Amino acid sequence: HAPEGSIRVICRSEPLPDGSGGMLVFGVHDTGPGVPEGEREAIFQAFHKGRDAAPGSGLDLAIARNLARRMGGDLQLMPSDSGAFFRLTVGYETALAPVTAPDSLRS
């Protein structure tokens, strides 16, 4: 919602100690005007459009947070000195493929 600026996206994986899965962590930081303190949770409510009646239906962040929570994570607006900084976490499980011994090793 800014006429110019930039965004920075980072992603990392935080595996569980037992190797059964973990969390994917995404950070999105922009150089826009940020989100006023009084709007920080309201922007995650369905049909809330934020300051200056921003374009769109106001459903994007509500849907994204709901999906993240259904996948064992969350979507949060983090404190930032400038712009907006969103943190998305999504849980995952490690899929292990079955291991089959080669024919030469089978009895």
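The values are calculated or read from the model by the stated rules, or taken from the named source; none is laboratory data. As the structure is a computational prediction, the values presented were derived from the model and not from experiment. Please note that ligands, DNA and RNA were not included when accessible areas were found on the heavy atoms of the full protein model with its side chains. Shrake-Rupley method; radii C 1.70, N 1.55, O 1.52, S 1.80 Å.
If amide hydrogens are placed 1.01 Å from N in the peptide plane, which non-local residues have theirs closer than 5 Å to the one on G72?
Those qualifying (amide H under 5 Å, at least 5 residues apart or on another chain) are G91.
How much length would be gained if the chain were fully extended between D18 and H48, taking 0.36 nm per residue of separation minus their Cα-Cα distance, in nm to one decimal?
Here the segment from D18 to H48 would lengthen by 6.7 nm.
Grab the Cα-Cα distance for Y92 and E39, subtract it from 0.36 nm times how many residues apart they are, and report the gain in nm with one decimal.
Full extension of this stretch gives 16.0 nm more.
Round to the nearest 10 and report in Å² the accessible area of I7, as given by a 1.4 Å probe over the protein chains' heavy atoms.
Surface accessible to solvent at I7 totals approximately 120 Å².
How long is the gain from L59 to R8 if the chain were fully straight, where each residue apart is worth 0.36 nm and the alpha carbon distance is subtracted?
Full-extension gain reported as 16.1 nm.
Once phi is turned into ³J(HN,Hα) by the Karplus curve 6.51 cos²θ - 1.76 cosθ + 1.60 with θ = phi - 60°, what whole-Hz value does each residue of the range 76-92 show in order, with x for glycine and proline?
10, 9, 8, x, 8, 6, 8, x, 10, 10, 9, 10, 10, 10, 9, x, 9
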